[in-house]
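Read the structure below first, then the notes.
Every read-out reported here was derived from the displayed coordinates using simple, explicitly stated rules and does not represent laboratory data. This one's a predicted model, so the numbers in the text were calculated from it and none came from an experiment. Virtual Cβ from ideal backbone geometry, glycine too; neighbours counted across all protein chains shown.
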Amino acid sequence: MPLFPDPRVAVATLHGKAAALAPALVPLGLELLAVAVDTDALGTFSGEVERPGPAREVVIEKARRGMAASGLRLGIATEASFGPDPLVGFLPFHHELLAFVDEFHGQVLVLESGGRDTNWQSLAVATPAAAEPLLLACGFPEHAVLVRPNAGPPGLPVAKGLRDRGAVAAAIAAAAAHSADGQARIETDMRAHMNPMRMRRIAALGHQLAERLRSPCPACGAPGFGLHATLPGLPCAQCGTPTDLARAERHACAACGHAEERPRADGRREADPGHCPECNP
Ligand SMILES: [Zn+2]
Ligand SMILES: [Zn+2]
């Protein structure tokens, strides 16, 4: 039996993400249709449009816009953020969200993936020569870069999708001339079609979604039953005190709300005393 009465999914994108998702989702019988939606109106990496809300709401809204534009009842969108690592601070970190909106079962799934395998970098430079280390480190020209004035009011011009050293040099000269401090800011262009590393993370999210959709809800049968939260309290191996580590997993259905508690997927029953508030305060 097909998972959905109509297998067509609107993938809201200007940037060709449907191809990255297809290998995971086509085997489930889904048909991915790229729908051109001006998602830049929902915020851009280069800072010309400020994002209207938390990334989670933005990615769901993107998926819904693709559905509205195409009249389809399934929708997918992805949304990325890049910045310093939340734990380590100075290392770049990539966080990608994928929203799957399913009007047939009345559910929204939001999956996420994050990691340090990103080439996100940003540097203030006064001359093209100063940009060379960034170009060498980020995988240019396979990965594109963008250039904008380093200082000044929002709305100054941004040169995007640069894959040619001559164009980069010209953009740096122009941006430095516009900037209050005489410097240009050069950054890796993180739009998916300019960034093969980001495409790989989107493909991995496609596989996460496929795995989720293969699992039907035991109560209502809707596809997408899966990990919703982890429950802390794994007992200390030495004294049995609950620790902050996950004790169990909560699996839930976003369509009917049915939930089940399951043991940790890795089978661990006890925490190392190093994590215990009593043994290792
Ligand atoms: Zn259910
Ligand atoms: Zn203990």
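For the range 209-281, DSSP calls about 95 percent of its internal beta bridges antiparallel. Segment residue 238..residue 57, full-extension length gain: 60.8 nm, with 0.36 nm per residue of separation and the alpha-carbon distance subtracted. Expressed in units of 2.2 N^0.38 Å, where N is the residue count, the Cα radius of gyration of the range 122-188 is 0.97. Treating only the Cα positions of the range 227-275 as identical point scatterers, give the base-10 log of I(q)/I(0) from the Debye formula at each q in 0.17, 0.25, 0.29 Å⁻¹. The computed values of log10 I(q)/I(0) come out as -0.50, -0.83, -0.99. Every pair of different Cα atoms in the chain enters the Kirkwood calculation, which places the hydrodynamic radius at 21.2 Å. Relative to the dominant Cα principal axis of the chain, helix 55-70 is inclined by about 90°.
A prolate overall shape is assigned to the range 123-272, the ratio a/c of its alpha-carbon gyration tensor axes (a ≥ b ≥ c) being 1.5 or greater and a/b exceeding b/c. Measuring from each cysteine beta-carbon in the chain, the ones with no other cysteine beta-carbon under 4.7 angstrom are 138, 239.
Taking amide H atoms as placed 1.01 Å from N in the peptide plane, the amide H of residue 264 lies under 5 Å from those of 249, each 5 or more residues away in sequence or on another chain. Angle of helix 196-213 to the longest C-alpha principal axis of the chain, folded into 0 to 90 degrees and rounded to 10: 20°. A cut-off under 14 angstrom between Cβ atoms defines the neighbours of residue 241, and their net charge, with Lys, Arg +1 and Asp, Glu -1, is -3. Summarising the amide proton neighbourhood of residue 93: residues at separation of 5 or more, or on other chains, whose placed amide H is nearer than 5 Å comprise 83, 85.
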